[in-house]
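J.: Before I ask anything, here is the structure I am working with.
The numbers here are math on the coordinates, done by the rules we state, and not lab data. Remember, it's a predicted structure, so these values are computed and weren't measured experimentally. Every residue, glycine among them, receives a Cβ derived from its backbone with ideal geometry; neighbour counts consider all protein chains shown.
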Amino acid sequence: MKDIIVHNHPKSSISEAYRAIRTNIEFANIDKNIRTILVTSTTPGEGKTTTLANIAATMTQNGERVLVIDCDMRKPRVHKLFGISNKKGLADMLRKEHNYVDYIQRVEDLNLDVLTAGKIPTNPSELLHSNAMKNLITVLKEEYDYIFLDTPPVTPVTDATILSGYIDGVILVVASGAVDIDLTKRAVQSMTKVGANILGVVINKLKVESAKQYQTYYYYQSKEVEEEDVIQI
């Protein structure tokens, strides 16, 4: 689990940045019951899965009951980050309509649970849009304080947009200097059109010249992220 910075290097500035994200999520939860959080990006390679894993790990350090679900059934990576098996997971469970308890794995070192993607299906969008998936989220919200869902990037496929319509909140990970701003604006628009609650944006891979290192920052909006908000970031 070398990429779980908050576990391996808890005193680093990057870990402190992830804890700042945790604080902002908790602040957003004061007025709203935000239990399910989707973490996505505009394009591949922006660091959404690593960001999700570290935020989830900071939550458990605060005593929260946390579940991570890998909804990226196209290029699943969550199991690799946590060093666990992906022999069976979400896709298998939804297809067979089995009990989720048989598919969730415990990561003892981090004190969190993980539901991996499982065998890659031919119809991931249909599975995520199914009543079985919606019912699963409803049931799991009774078991966990926070559920983090990793999805494919917004622009190549519709998976993240589909999920964002019935998830409590969305965090968009943006790699500094690596993605076109117009593409990011379109990603935000596609999610807000289905009623997504955009909690904020994580600016990832930002080169801080004075510190000569990469850090992660969080930009919190108490209202929906609009085009001008994205431009300001």
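J.: Please list the non-local residues whose amide H lies under 5 Å from the amide H of Phe148, H modeled 1.01 Å from N, same-chain partners needing a gap of 5 or more.
T.: Ile37, Leu67, Val68, Ile69
J.: On to the next question. Test of understanding: express the Cα radius of gyration of the stretch 5-224 as a ratio to 2.2 N^0.38 Å, with N the residue count. Show your work: numbers first, answer last.
T.: Working: Rg = 16.3 Å, N = 220, 2.2 N^0.38 = 17.1 Å.
Normalised Rg, Cα atoms only: 0.95.
J.: Which three extents, in angstrom, do the Cα atoms of the stretch 116-205 have along their principal axes, listed largest first?
T.: 38, 32, 25
J.: How much length would be gained if the chain were fully extended between Ser176 and Glu142, taking 0.36 nm per residue of separation minus their Cα-Cα distance, in nm to one decimal? Walk me through the numbers before you get to the answer.
T.: Details: separation 34, 0.36 × 34 = 12.24 nm, distance 3.64 nm.
So the chain would gain 8.6 nm between Ser176 and Glu142.
J.: When the chain is fully extended, how far beyond the present Cα-Cα distance does Arg186 get from Phe27, taking 0.36 nm per residue of separation? List each step's numbers first, then the result.
T.: Values: separation 159, 0.36 × 159 = 57.24 nm, distance 2.70 nm.
Answer, rounded to one decimal: 54.5 nm.
J.: Report the local net charge at Asp150: Lys and Arg +1, Asp and Glu -1, summed over other residues whose C-beta lies under 12 Å from its C-beta. Don't skip to the answer; put the middle values down first.
T.: Values: positive: Lys48, Arg74, Lys75, Arg77, Lys80; negative: Asp70, Asp72, Asp159.
Result for the neighbourhood of Asp150: +2.
J.: What per residue convex hull volume, in Å³, do the alpha-carbon atoms of the stretch 51-132 yield?
T.: On the way: hull volume 7.9 nm³, N = 82.
In the stretch 51-132, the Cα convex hull volume per residue is 97 Å³.
J.: Now for a different question. For Asn204, enumerate residues with amide H under 5 Å from its amide H, sequence gap 5+ or separate chain, H modeled in the peptide plane.
T.: Sorted by chain and number, the residues that satisfy this are Val174, Ala175, Ser176.
J.: Find the eigenvalues of the gyration tensor of the Cα atoms of the stretch 134-183, then list the square roots of 5 times those eigenvalues as equivalent ellipsoid semi-axes, largest first, in whole angstrom.
T.: Numbers: eigenvalues 138, 31, 11 Å².
Ellipsoid half-lengths, sorted descending, are 26, 12, 8 Å.
J.: Taking the Cα centroid of the stretch 165-206 and of the stretch 38-62, what is the distance between the two, rounded to the nearest whole Å?
T.: Using only Cα atoms to place each centre, the spacing works out to 13 Å.
J.: OK, next. What percent antiparallel are the DSSP beta bridges of the chain, to the nearest 5?
T.: Taking every DSSP beta bridge within the chain, about 30 percent pair in antiparallel fashion.
J.: Sticking with this structure for a sec: With a bin width of 10 angstrom, please list the P(r) values of the stretch 1-123 as percents of all Cα-Cα pairs, from the 0 bin to the one holding the largest distance.
T.: In whole percents, the pair-distance histogram is 12, 42, 35, 10, 0.
J.: Applying 1/(1 + (r/R0)^6) with R0 = 25 Å to the Cβ-Cβ distance of Ile14 and Val157, what FRET efficiency is obtained, to the nearest 0.05? Before the final figure, lay out each step's value.
T.: Details: r = 29 Å, r/R0 = 1.17.
Calculated value: 0.30.
J.: Run the quick spin-label model on Ala132 and Lys207: label points 7 Å from Cα toward the beta carbon, then report their separation in nm to one decimal.
T.: Placing both labels 7 Å beyond Cα along the Cβ direction yields 4.7 nm.
J.: Compare the Cα positions of Met133, Val114, Tyr103 along the charge dipole of the stretch 94-153 (+1 at Cβ of Lys, Arg; -1 at Cβ of Asp, Glu; about the Cα centre) and return the one farthest towards the positive end.
T.: Going by the charge dipole, the pick is Met133.
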